[in-house]
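First up is the structure itself, then whatever we jot down about it.
A short reminder: the numbers here are calculations on the coordinates, not readings from a lab. Everything quoted here is computed from the prediction, not taken from an experiment. Quick reminder, even Gly has a Cβ in these numbers, built from the backbone with ideal geometry, and neighbours come from all protein chains shown.
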Amino acid sequence: MSENKSNKQILQPADWAAPKGYANGVAATGRQIFVAGQIGWNAQCQFDSDDFVAQVRQALLNIKAVLAEAGAAPEHICRMTWYVLDKREYIARGREVGQVYREVLGREYGVAMSAVQVAALMEDRAKVEIEVTAVLG
C-alpha cells in the first residue's frame, strides 16, 4: 500500500507487478461523487467529431466539468469504467488515448480502472463512454 497526496490510498500487493497507467485498487475517505457515463459530445449534446480519440478527449473534459461542480478535481477520481465499441481501436490508439488523458486529467494514475467492449452505446455516434467515482476529502 502507498499513500497519495490526496485522501486516497493506492492498494498494491507487494508481490504483484505494478500496473501501468492505473491502480489495482484505491481506498478513499470523504464525500463520494458519482459521475454518470460521459460520452464525446459537447455541452450542447452535439458531437464535434466521430474520431475515437477526439471523443475520449471530450468525454474526459465533460468528466472534469462535472467534478468541478462538486468542487473536485482529477486527483479525487478513484474509479473509472470505460465502455468502448472497438477494443482493437482502443488498444491500437493507446498512446494517443494516454496523451489525451494526461492533457485533460494530468498524471493521475491512482485510479482503479476497468475497460469493456460493448455492442452499442445509447447515442449512435458515441464511440466511448466513461463513468467515474471520485472521493473528495
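Computed from phi, the 3J(HN,Hα) profile of segment 124-137 under the Karplus parametrisation 6.51, -1.76, 1.60 (θ = phi - 60°) reads 4, 7, 6, 10, 8, 9, 10, 10, 9, 10, 10, 10, 9, x Hz, with x in place of Gly and Pro. List the residues of segment 65-90 whose backbone N lies under 17 Å from a point placed 7 Å from the Cα of Ala27 along the Cα-to-Cβ direction. Residues passing the 17 Å test: 78-79. Judged by the mean number of other Cβ atoms found within 10 Å, the most tightly packed of the peptides 26-35, 56-65 leads the ranking 56-65, 26-35. Taking amide H atoms as placed 1.01 Å from N in the peptide plane, the amide H of Gln12 lies under 5 Å from those of Ser2, each 5 or more residues away in sequence or on another chain.
If you average 1/r across every pair of different Cα atoms in segment 2-136 and take the reciprocal, what Kirkwood value do you get, in Å? Don't skip to the end; give the middle numbers.
Working: mean 1/r = 0.0656 Å⁻¹.
Evaluated over segment 2-136, this radius sits at 15.2 Å.
With the biggest extent put first, the Cα atoms of segment 22-62 measure 37, 22, 12 Å across the principal axes. Residues whose amide H lies under 5 Å from that of Ile33, counting only those 5 or more places away or on a different chain, are Ala134, Val135, Leu136; hydrogens are built 1.01 Å from N in the peptide plane. If one takes the longest principal axis of the Cα atoms in the chain, at what angle in degrees, from 0 to 90 and to the nearest 10, does the Cα axis of helix 94-105 lie? Once rounded, one gets 70 degrees. Taking the 0 to 90 degree range and rounding to the nearest ten, how far is the long axis of helix 52-69 tilted relative to the main principal axis of the chain, both from C-alpha atoms? Compared with the principal axis, the helix lies near 50 degrees.
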